[in-house]
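Worksheet: the structure to be examined is printed underneath.
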Amino acid sequence: MTAEPLFCLAAESDTATLLEFMRAYYAFDGHGFDEEKARAALTSLLRDPDLGRAWLILDGEAAAGYVVIAFGYSLEWLGRDAFVDEFYLMPEYRGRGWGRKAMAFVEEAARSLNVRALHLEVVRRNTTALKVYRRLGFKDRESTFLSKWISRELSKPEGQNGH
């Protein structure tokens, strides 16, 4: 294991690797996973840079995880904002500073893409991640994040915690 993670902008040729990481991440967080639907959503993101960015996190040549930001726009946040939509590191890379370094990379990359604010969502039971994100300057909001699935054409896979 190298001391420093490397970051490589993901391309469509990385789809199989990203899907493996997505499967592991969704299982860890209790999200439902349907590979066909995940592949379609991932491919759309990788093909359209206006939607966001995905990076592989590398240990030399070997993939150790991935991180995705998805762009939005908010009057409250004064312009372009982004969600750290997905972030996964293989277990052997956790607790070694790689997550902190990955988030520092994401912040700089987002700034270079004119993002004014980053948001993220953490499963409440993941207290380790909550502590890390709070130390990195992410703040709890007085508002509550609510979601409603509205697609009539596509159903969302349900996980163990309703996500």
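The values are calculated or read from the model by the stated rules, or taken from the named source; none is laboratory data. Worth saying up front: this structure is predicted, and the values here are computed from it rather than measured. Don't worry about glycine lacking a Cβ; one is built from the backbone with ideal geometry, like all the others, and counts go over all protein chains shown.
Below, the figures for the structure above:
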read-out: Answer residue from region 91-105, given it is crowded, with 17+ Cβ neighbours inside 10 Å and in contact (Cβ under 8 Å) with a residue 40 or more places away in the chain and is farthest from the chain's Cα centre (by Cα) among those; value: 93
read-out: Cβ-Cβ under 8 Å pairs, at least 6 apart or on other chains, region 121-138 side over 14 Å from residue 31 (Cβ atoms), far side outside any helix (DSSP H, G or I) and of a type in the set (Asp, Glu); value: 134/140
read-out: Single residue of 80, 47 found to be surrounded by 15 or more Cβ atoms within 10 Å (Cβ to Cβ), of a type in the set (Lys, Arg) and at negative phi; value: 80
read-out: Matching option when the condition is assigned to a loop (DSSP other than H, G, I, E, B) and surrounded by 11 or more Cβ atoms within 10 Å (Cβ to Cβ), among 143, 155, 151, 147; value: 155
read-out: Residue ID - farthest from residue 9 (Cα to Cα), chosen from residues in region 36-90 that are among the hydroxyl-bearing types (Ser, Thr, Tyr), more than 14 Å from the chain's Cα centre (by Cα) and part of a strand (DSSP E or B); value: 74
read-out: Lone unmet requirement of (1) surrounded by 15 or more Cβ atoms within 10 Å (Cβ to Cβ); (2) under 19 Å from residue 2 (Cα atoms); (3) of a type outside the set (A, V, I, L, M, F, W, C) for residue 53; value: (2)
read-out: Tabulated pairs, region 52-80, first closer than 17 Å to residue 110 by Cβ, second among the polar types (S, T, N, Q) and assigned to a loop (DSSP other than H, G, I, E, B), C-beta under 9 angstrom, 6+ apart or interchain; value: 79/114; 80/114
read-out: Residue in region 125-133 that is surrounded by fewer than 18 Cβ atoms within 10 Å (Cβ to Cβ) and not in a helix (DSSP H, G or I) present; value: yes
read-out: Residue ID - nearest to residue 71 (Cα to Cα), chosen from residues in region 30-60 that are among the small types (Gly, Ala, Ser) and either modelled with pLDDT of 95 or more or touching a Ser or Thr at 6+ places or on another chain (Cβ under 7 Å) (or both); value: 52
